[in-house]
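Below is one structure, written out as structure tokens, with a few remarks after it.
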Amino acid sequence: APISYHYHDFHKILFFFRGEAGYSVEGSSYELVPGDIVLIPRYSIHRPEIRPESSYERVILYLSPEVLTDSLCRRDNLAGLFQEAADSQSYVLRLPRRRQTELWETLSRLETACRESDFADGLLRHLILLELLILLNRACRLPASRCLPDSSKNAAVLSIMQFIHENADSDLTIDSLSARFYMSRAHMMRLFKKETGYTIGGYINEKRLLMAC
């Protein structure tokens, strides 16, 4: 069954290895290719678009804000890659092969360390995670391409989501949205509910609460 739009109170990084899938984050829709990295800041509304009967291999890291602001990280702001993704509304990194290989090797070492139990194993996992985050932050500063391909699937709903995200502090109403996107009230509300699981009013309230947080 399709996964509904949702959000978390932690950051999320998805490393996409193979298969056929897309991803939608805050109204931006992406067609993924192997090697892509999806950066999902906390409270960002998102969902994967997985093709029926297709393989989908990925590794996901869930990161609490505390991990990124502890005494080792505070000076260098390792959470900056999530803030940059949110500010630019560009959530997918597509890196040169050499950078991909460097990240995959570090991620592999982290997976191995998570399976092992040995002296100072927790410290080792933390250090490898910090190395991975440093490499990702450096990659964000490269002229690597962030991709935002056009998507015809759910284009109207994605456009409405994007507009609400950018104008959540404005006086948004069903009528004003209906007029702006040239859709009848009933059709717009039905379509939005079907695709996101949210009513439009509920989605607006959710975004305003998240902005307050």
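The values are calculated or read from the model by the stated rules, or taken from the named source; none is laboratory data. What you see is a predicted model, and the numbers here were worked out from it, not measured in a lab. In this analysis, Cβ positions are derived from the backbone assuming ideal geometry, glycine residues included, and neighbour counts consider all displayed protein chains. Side chains included, ligands, DNA and RNA excluded: accessible areas come from the protein's heavy atoms. Shrake-Rupley method; radii C 1.70, N 1.55, O 1.52, S 1.80 Å.
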Only one of Ser54, Ser64 is small (Gly, Ala, Ser), closer than 14 Å to Leu133 by Cβ, free of Cβ contacts under 8 Å to residues at least 60 places away in the same chain and open to solvent by 10 Å² or more (accessible area, probe 1.4 Å). Can you tell me which? Ser64
Against the conditions (1) open to solvent by 50 Å² or more (accessible area, probe 1.4 Å); (2) assigned to a loop (DSSP other than H, G, I, E, B), where does Thr101 fall short? Just the number, please. (2)
Please state which one of Glu49, Glu84, Glu26 is within 30 Å of Gly202 (Cβ to Cβ), under 13 Å from the mean Cα position of the chain (by Cα) and at pLDDT below 85. Glu26
Please find, within the stretch 181-194, the residue that is modelled with the lowest pLDDT out of those that are under 27 Å from the mean Cα position of the chain (by Cα) and either farther than 24 Å from Pro41 by Cα or open to solvent by 30 Å² or more (accessible area, probe 1.4 Å) (or both). Lys194
Positions within the stretch 156-213 being among the aromatic types (Phe, Trp, Tyr) and either part of a helix (DSSP H, G or I) or in contact (Cβ under 8 Å) with a residue 24 or more places away in the chain (or both), in sequence order: Phe163, Phe181, Phe192, Tyr198, Tyr203
